[in-house]
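Everything on this sheet refers to the single structure shown next.
The values are calculated or read from the model by the stated rules, or taken from the named source; none is laboratory data. Note that the structure is predicted; figures quoted are calculated from it, not measured. Because the Cβ atoms are built from the backbone with ideal geometry, glycine has one as well, and the counts that use them run over all protein chains shown.
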């Protein structure tokens with residue numbers, strides 16, 4: 001699992017109204033092979049959750065007038081994303097309430113970076129959403145595909161590069177990449193790619209598959225003339241040569 005996390009780093013959302021604490025977590029978790037998004041309040045948290053695929057939320061209970069426990073409950077009611085509650089309180093009743101109603105874990109300030117990292121990794125290991133075998137999951141439950149640090153979000157219909165920026169895709173490019181991600185390391189003919197793309201509503205025609213492949217290569221390959229992901233299989237078609245992980 002840790003090796004998979006290095007290839008396709010988990011996306012952590014830090015919700016804390018303290019800028020110094022947000023920056024500290026961003027720097028430390030980033031140094032430990034994790035993608036990190038930051039939110040200062042509930043509104044920003046909801047916006048990021050709507051736009052991105054998040055694997056775990058670090059949620060501070062004190063958010064400048066907002067009830068962090070209520071935010072945690074709302075998040076739990078609408079999502080299965082793991083939650084670690086962060087609090088300055090050492091009240092046992094508060095910890096018990098958080099764990100019973102919403103959280104997967106609870107950590108009290110002040111804490112060491114190493115303890116935080118250990119708790120995050122422990123919760124991620126227990127979480128069912130990071131599944132390296134797409135074939136065993138129902139497609140309707142998937143939220144994203146990940147490969148080599150890239151993330152293809154099915155909900156937001158966007159592609160995010162390993163560096164964190166969005167890569168614009170046409171509808172045809174998105175659906176063709178989705179079809180490739182659903183069949184990693186399988187040689188697919190142009191007819192198969194055409195049919196698989198149509199299942200996702202792509203307006204891709206047989207004669208333009210090669211054009212779409214070329215455009216995708218220019219957007220995701222380091223060198224489009226020497227592709228590492230979308231490889232040409234002579235006499236067959238194309239093969240997506242990457243370890244693909246789903247997030248549900």
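Overview of results
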{"quantity": "Residue that is surrounded by the most Cβ atoms within 10 Å (Cβ to Cβ), among those in the stretch 59-78 that are within 25 Å of residue 157 (Cα to Cα) and touching a strand residue (DSSP E or B) at 6+ places or on another chain (Cβ under 9 Å)", "calculated": "75"}
{"quantity": "Yes/no for residue 7 being at pLDDT 80 or above, in contact with a strand residue (DSSP E or B) (Cβ under 9 Å, 6 or more places away or on another chain) and not assigned by TED's automatic domain parsing to the domain that holds residue 151", "calculated": "no"}
{"quantity": "The stretch 79-96, subset crowded, with 16+ Cβ neighbours inside 10 Å and touching a helix residue (DSSP H, G or I) at 6+ places or on another chain (Cβ under 9 Å), residue modelled with the lowest pLDDT", "calculated": "94"}
